[in-house]
Amino acid sequence: MRKLFQFIFYIQLILISILVIVLTIRGFVYAARSTNHFRPEKWYPPLLGSAASAGIVSYLWEWISFHDPSRAIKIAFCVGPLLTCAVGILHILIGCPISLAIGTIAIISSVIQSLYTCWVKPRFDYATKILTVSTSFPPDKTATFVILSIITCLVYSSFLVTGIGGATAAGTGLDILFIIVILLTYTWTMQVIRNMLYVTISRVRYMNFACGADMNTWIAFRDTVQHLAGRVCIGSAVVPVIGTIWGSARAMKSVVGGTDEFLFSCADCYSRLASTLITYGNRWGFVHVGVYNKGFMQASADTWGAFKTAELIPLIDSDLTGAFCFFSGVAVGSICTLVGGTWALAIHKSYATEVSIYAFFIGYFICRVALAWQQACVSAYYVAYAENPQSLQFDATIPVRIQELLQRYNV
């Protein structure tokens, strides 16, 4: 499976590159015709400008979240919903039917984000502590890896944007299909880049937490690229899907509660399915993929089993690291949407909707890549602790939090 997924990944990179080049050339040919209404000088600048904004803001946000986690968490959860609401207002101002639908969804989403922020606010202190203690001594050359990852994502995103512009110039039904395919492969590729960094950093930090050993980050990265790429490709395709199912199951169970027997039964069944899936496909499995060279499903099962043995599942369920990274991605994506969408609205209103959508994708994924190393450090900390809770490498952060959760449940 790992060889198959690795083969598929590299083949899709080659095929998408050929497709983008063809679409770009065809797009400029179409734009040169006087009968064509596509204006590349008004379509590309807003989108490429928003991509540049994504790189700059993502790096600044990564720097802030490392040096001041407490403030970063508060900003992400409090300002993120406001930015999402601003995106909704922008789409309503654009005025076309698709924009009105997107704007409505964005405003509803901002309300949901605000309610979620109010619900998880008591967890902010622990989220700050676990982020601080796990990233206090980052691996060597971490900043270099982050910068190179952001630059790689920017170059790749800008390259695909040229192809999307070429498809937009023709605007046929087949071109719409090409755009969808490009966006899907872009999503997978960005996940692979993010998880390559994730596996590399989590391996280095695990060795430090578990053994007190320092490992060369470049060697870890070389091993990841040469020997673990197939496993990372599998995980990159599986984890987002299973993570969405698991998150929705938890939300459904919290909302339904025990008010209706039928709904509770459905929610419980869905929750059991999600619990089974998360056992064999979770982001913490990437730690064992890097450290022990395991298959992704086996690594996920082993790490989840370690969490169960150490009775850390309630703590993992309440951890805000993943939510913080998600909210950060949404915030940066919203900023890029506001940059690109407002620019396009000012110079060519008909381009504003699509430009703002593509800008959000770019901003979201580049931010997730920039924050991958911090999330990897937290995952390595949890996995290493679950395997040896008595190690002197750990302070009282997790035991104190477990006691707080037990007291809350007992009350």
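The values are calculated or read from the model by the stated rules, or taken from the named source; none is laboratory data. On a predicted model such as this, the values are computed, not experimentally measured, just so you know. As a convention, Cβ positions derive from the backbone with ideal geometry for all residues, glycine included, and neighbour counts pool all protein chains shown. To get the accessible areas, we keep the full protein, side chains included, count just its heavy atoms, and leave off ligands, DNA and RNA. Shrake-Rupley method; radii C 1.70, N 1.55, O 1.52, S 1.80 Å.
Take the cross-link list 74/121; 42/349; 3/141 and give me the ones stretching past 18 Å between alpha-carbons.
Long pairs (Cα-Cα over 18 Å): 3/141.
To two decimal places, what compactness ratio does the stretch 5-126 give when its Cα radius of gyration is scaled by 2.2 N^0.38 Å?
1.49
What is the helix-to-structure angle for 296-309, meaning the angle in degrees between its Cα long axis and the longest Cα principal axis of the chain, kept from 0 to 90 and rounded to the nearest 10?
Approximately 40 degrees, to the nearest ten.
Can you give me the solvent accessible area of residue 222 with a 1.4 Å probe, rounded to the nearest 10 Å²?
120 Å²
Would you work out the charge dipole size for the chain about its Cα centre, treating the Cβ of every Lys and Arg as +1 and the Cβ of every Asp and Glu as -1, and quote it to the nearest 20 debye?
The calculation lands at about 540 debye.
Of 76, 24, 369, which is farthest on the positive side of the dipole of the chain, counting Cα position, with +1 on Lys and Arg Cβ, -1 on Asp and Glu Cβ, and the Cα centre as origin?
So the residue we want is 24.
Could you please put 1, 196, 190 in sequence from largest to smallest accessible area, using a 1.4 Å probe?
So the residues, ranked largest to smallest area, are 1, 196, 190.
Can you send over the solvent-accessible area of residue 280, 1.4 Å probe, protein chains only, in Å² to the nearest 10?
Rounded to the nearest 10, that gives 110 Å².
What does the accessible area per residue of the chain come to in Å², with a 1.4 Å probe and no ligands, DNA or RNA counted?
45 Å²
Mean residue ellipticity at 222 nm from the helices of the chain, using -39,500 (n - 2.57) per DSSP H segment of n ≥ 4 over the full residue count, to the nearest 500 deg cm²/dmol?
-29500 deg cm²/dmol
At 1.4 Å probe size, put 284, 188, 218 in order of accessible surface, largest to smallest.
Reading off the accessible areas and sorting them downward yields 218, 188, 284.
Do you know the relative contact order of the chain, to the nearest whole percent, from alpha carbon pairs under 8 angstrom that are 6+ apart?
28 percent
From the residues 238, 190, 378, which one has its Cα farthest along the dipole of the chain in the positive direction, the dipole being from +1 and -1 charges on Cβ of Lys/Arg and Asp/Glu about the Cα centre?
190
Let me understand the stretch 273-400 better: what is its radius of gyration from the alpha carbons, and its Dmax, in angstrom?
According to the Cα coordinates of the stretch 273-400, Rg and Dmax are 19.3, 62 Å.
Report Rg/Rh for the stretch 106-262, rounded to two decimals, where Rg is the Cα radius of gyration and Rh the Kirkwood radius.
My calculation puts Rg/Rh at 1.05.
Where q = 0.13 Å⁻¹, what log10 of I(q)/I(0) comes from the Debye formula for the chain, counting one point per Cα?
Log-scaled intensity ratios, in q order: -1.18.
What is the percent carbon and sulfur in the accessible area of the stretch 36-184, measuring with a 1.4 Å probe over the protein chains and ignoring ligands?
77 percent
Show log10 I(q)/I(0) for the stretch 282-323 at q = 0.24, 0.28, 0.33 Å⁻¹, two decimals, from a solvent-free Debye sum over equal Cα scatterers.
Those come out to -0.80, -0.94, -1.04, one per q.
Please grab the % of Cα pairs in the stretch 348-411 that end up more than 16 Å from each other.
67 percent
Compute the projected area of the convex hull of the Cα atoms of the stretch 92-196, averaged over all viewing directions, and report it in nm² to one decimal place.
Average projection, Cα convex hull of the stretch 92-196: 10.1 nm².
By accessible area of protein heavy atoms, probe 1.4 Å, what ranking do 268, 395 get, highest first?
These residues rank, largest area first, as 395, 268.
What does the accessible area of residue 319 come to, in Å² to the nearest 10, when a probe of 1.4 Å is used?
For residue 319, solvent-accessible area is about 20 Å².
Nearest 10 degrees, 0 to 90: what angle lies between the long axis of helix 217-227 and the longest principal axis of the chain (Cα atoms)?
Tilt relative to the chain: about 70 degrees.
How much of the accessible area of the stretch 284-411, probe 1.4 Å, is carbon plus sulfur, in whole percent?
Result for the stretch 284-411: 59 percent of the exposed heavy-atom area is carbon or sulfur.
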